[in-house]
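Have a look at the structure below before the remarks.
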Amino acid sequence: MAAIAGAPRRGTLSAFRHRSYTIFWVGALISSTGTWLGNLTVPYVLYQMTGSAVWVGVAAAAQFGPAFVLSPLGGSLADNRDRRMLLLWTQAGLGVITLLMWLQWASGFHVPIVLVGLLTLFGILNGVNNPAWQSLVNDLVPREDVVSAVTLNSLQFNLARALGPAIAGVLLATLGATWAFFFNALSFVIVVVTLFFVRPHISRILVPVGGGFASQWRDALAYMARSRAMLLAIALCCVVGLLGNPIFTFTVVFAETVFETGPVGMGMLTASLGVGAVLFAIFQSVIRGRGGSFGRRAATAVVALGLALMVMGLVPTLGWGIAAGLAVGAAFLAAFATLNSAIQLMAADHLRGRVMAARHMVFSGSIALGVLISGVLAEEWGVQLATIIFGAGLIVVAAIVVLVPGLGFRLLDEAEVEPGAIVPPLDPET
């Protein structure tokens, strides 16, 4: 068993000291901004066509659901192939699919089921893409900068969550949905170009993993099952996806039915979620790792997210909705970045792709289930009550983790040690 050693952490911005990571981050920011153009445009046009929150939920489930099935394949590929080359192929494929969305809308063929079908294809390929994306983040920096890299990766996604909807709101109000779809497709070109200039911090040795796909996943699942800390972190990611993520899809319904505002107001409301995340990242940079242990940060973030969602469900005006959105965005990033960092640090390198695939699988599956449930609840009882129920659910889960013997958020503090000290890696040759 490896000796326990500290996992040193630097400031939130320390990963930017590495050129390849910085290039990757900028390309990802541009691509994610384009993706959020699409993420707001799709539910907007669907709600305009159908007037149904259920259709909005079905579209989100189509985008995230396939990852539940395909993430294991993506994880195995991420562990057995060059992650950068794998991303070049998957990002190019995702760009082609978004180009087809633009062509569908530009041609006037405005059929909801066709748009949902293209989203399903996007979700299928993204299920293969995401484990490699998450794992490559680790490859671009040394271990002491992993927490910074993961947090900044979440930051760029949430910064895009602020920029993309704001741009989408203006585009939808002025030029229309066609241009929003076009810029989404164009953004994928940027990330493909940046990947040509990215090089890992340390070259990975691709160790052949014997036994085939099923055997590889038996080893990975056995590895994860030996750590209550890793299982708890993955389970909490699932809960955050199930109960915390649907608000990002249903801002469209809030804007239309609660605040009675147009595309610009809808864009501002959705953007507030991303702005809140950016403000939290700045706060993290200021305190520079003085926010306590992984367990304490995770507990605080999950409870804060639950409270913020409950407030979001109670506010009566757009202004107060934007203020609540800032709190939701900050708490969501705090929860997700903390849990994701803990999982990344606990995973051994030769198994990290499969571990992150398992995390992505349960997270994406929980998002798909959450938006479906939220869509039905919003249709029957209203989007405000649905949001309050989900927020209360997060607080209940946090209480269960604290009160059930053998659990406790303090288990996540195992991420402070070297991988293998708590969960010895399985022999990669077996």
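How many angstrom lie between the C-alpha centres of the range 159-201 and the range 338-383? Centre-to-centre distance over Cα atoms comes out at 23 Å. For the range 35-144, the set of trypsin sites (Lys or Arg not before Pro) satisfying both a DSSP loop assignment and a count of at most 10 other C-beta atoms within 10 Å is empty. Given R0 = 30 Å, the distance between the Cβ atoms of V193 and L103 translates into a calculated FRET efficiency of 0.85. Listed values for the range 46-51 are Karplus-derived 3J(HN,Hα) couplings in whole Hz (6.51 cos²θ - 1.76 cosθ + 1.60, θ = phi - 60°), namely 5, 5, 5, 6, 10, x, and x replaces Gly and Pro. Computed extension length for A222-L314: 28.7 nm, one decimal, from 0.36 nm per residue of separation with the Cα-Cα distance subtracted. In this simple spin-label approximation, V69 and T22 carry label points 7 Å from Cα along the Cα→Cβ vector, and these lie 4.3 nm apart. The largest-to-smallest principal axis extents of the Cα set in the chain are 60, 45, 39 Å. Taking 0.36 nm per residue of separation and subtracting the Cα-Cα distance, full extension of the segment from V396 to I113 would add 98.2 nm.
Computed from label points 7 Å out along Cα-Cβ, the spacing between L407 and T257 is 3.1 nm.
Considering only F283, F109, F157, the Gaussian network model of the chain with Cα springs below 10 Å gives its largest mean-square fluctuation to F109. Between T98, T178, T270, the Gaussian network model of the chain with springs among Cα atoms under 10 angstrom shows the greatest mean-square fluctuation at T178. Computed from the alpha carbon atoms alone, the convex hull of the range 24-178 holds 109 Å³ per residue. Restricting the calculation to alpha carbons of the range 322-397 gives Rg and Dmax of 15.4, 47 angstrom.
Here the chain is scanned for GluC sites (Glu not before Pro) in DSSP loops (not H, G, I, E, B) that have at most 15 other Cβ atoms within 10 Å, and the longest stretch holding none of them is 1-259.
Computed over the chain, relative contact order equals 29 percent, with contacts defined as Cα pairs under 8 Å that lie 6+ residues apart. Note: the range 54-138, Cα convex hull, 83 Å³ per residue. The helix-based estimate of mean residue ellipticity at 222 nm for the chain, built from -39,500 (n - 2.57) per DSSP H run of four or more residues and divided by its residue count, is -25500 deg cm²/dmol to the nearest 500.
Around the amide H of L140, modelled in the peptide plane, lie the amide H atoms of H201, all under 5 Å away and 5 or more residues distant in sequence or on another chain. 3J(HN,Hα) along the range 262-270, derived from phi through the Karplus expression 6.51 cos²θ - 1.76 cosθ + 1.60 where θ = phi - 60°, amounts to x, x, 5, x, 4, x, 5, 5, 5 Hz, with x in place of Gly and Pro.
Could you state the number of Å between the C-alpha centres of the range 22-92 and the range 103-125? Cα centres, the range 103-125 to the range 22-92: 13 Å. Along its principal axes, the range 87-203 has C-alpha extents of 50, 27, 23 angstrom, given from the largest down.
Values in this text are rule-based calculations from the coordinates and carry no lab data. A quick note: this is a predicted structure, and the numbers were derived from the prediction, not measured. All Cβ positions, even for glycine, are placed from backbone atoms using ideal geometry, and neighbour counts span all protein chains on display.
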